[in-house]
Amino acid sequence: MKIAVCPGSFDPITSGHLDIIERATFLYDKIIVAVAKNTLKKPLFSVEERMKFAEEAVKNFKGVEVKLFDCLLVEFAQKNQAQVIVRGLRAITDFEHEFQMAQLNRKLDRNIETIFMMASPEYGYLSSSAVKEIAKFNGQIEGLVPKEVEISLRRLFGK
Ligand code: PNS
């Protein structure tokens, strides 16, 4: 059984993340969406909220489960018998950071392979940070995030 981990901060999950997760379901038997409890950035949403948004958003995808992780990514993959880490790539600006993470993860466990999927063109510009910024200034975020996330962001930043 091929198990892949789709890790991230998911603060919050966006349509771009969902595009990658759904496409990964066509390649692997099981996908674990791994929501990082601690991220390098200060999250807007608690890990419980980020998990809830992710669970709601993937509920109709086949073979996908959402789990919290609070350790090294490779340790999480090992514990969950995952052989693959799936990451999305948007522009070339993502590459350096992703390349470094992939190399470090390979150094930590060479049996776990990182696979990159190119973002679909319609999501190539999309990021959680951009969505939060737009929401903060009451801009249009419909379609960029799942409905539940949109409602929460409006509630947080709405006038
Ligand atoms: O959505 P993000 O913020 O780009 O996700 C980054 C994440 C959470 C996948 C990355 O920071 C991570 O794997 N953190 C766990 C700690 C770890 O394993 N670090 C070593 C690899 S750089």
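A compact table of results
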quantity	calculated
Count of residues meeting criterion [of a type outside the set (A, V, I, L, M, F, W, C), open to solvent by less than 70 Å² (accessible area, probe 1.4 Å) and assigned to a helix (DSSP H, G or I)] in the stretch 32-51	1
Considering residues of the stretch 73-85 that are away from the ligand (no atom under 11 Å from the Cβ) and either part of a helix (DSSP H, G or I) or on the phi < 0 side of the Ramachandran plot (or both) only, the residue surrounded by the fewest Cβ atoms within 10 Å (Cβ to Cβ)	K79
Given (1) crowded, with 16+ Cβ neighbours inside 10 Å; (2) within 14 Å of the ligand (Cβ to nearest atom); (3) charged (D, E, K, R), number of the condition D70 does not satisfy	(1)
Sole exception among (1) open to solvent by less than 100 Å² (accessible area, probe 1.4 Å); (2) in contact (Cβ under 8 Å) with a residue 40 or more places away in the chain; (3) out of contact with any Ser or Thr (no Cβ under 6 Å at 6 or more places or on another chain); (4) not in a helix (DSSP H, G or I) for T114, by number	(2)
Candidates E150, E98, E142, filtered to the one that is open to solvent by 30 Å² or more (accessible area, probe 1.4 Å), out of contact with any Ser or Thr (no Cβ under 6 Å at 6 or more places or on another chain) and of a type in the set (D, E, K, R)	E142
Scope the stretch 52-66; condition within 13 Å of the ligand (Cβ to nearest atom) and surrounded by fewer than 19 Cβ atoms within 10 Å (Cβ to Cβ); matching residues	none
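The values are calculated or read from the model by the stated rules, or taken from the named source; none is laboratory data. Because the structure is a prediction, the values reported are computed rather than measured. Don't worry about glycine lacking a Cβ; one is built from the backbone with ideal geometry, like all the others, and counts go over all protein chains shown. Just the protein is used for accessible areas: all its heavy atoms, side chains included, with ligands, DNA and RNA removed. Shrake-Rupley method; radii C 1.70, N 1.55, O 1.52, S 1.80 Å.
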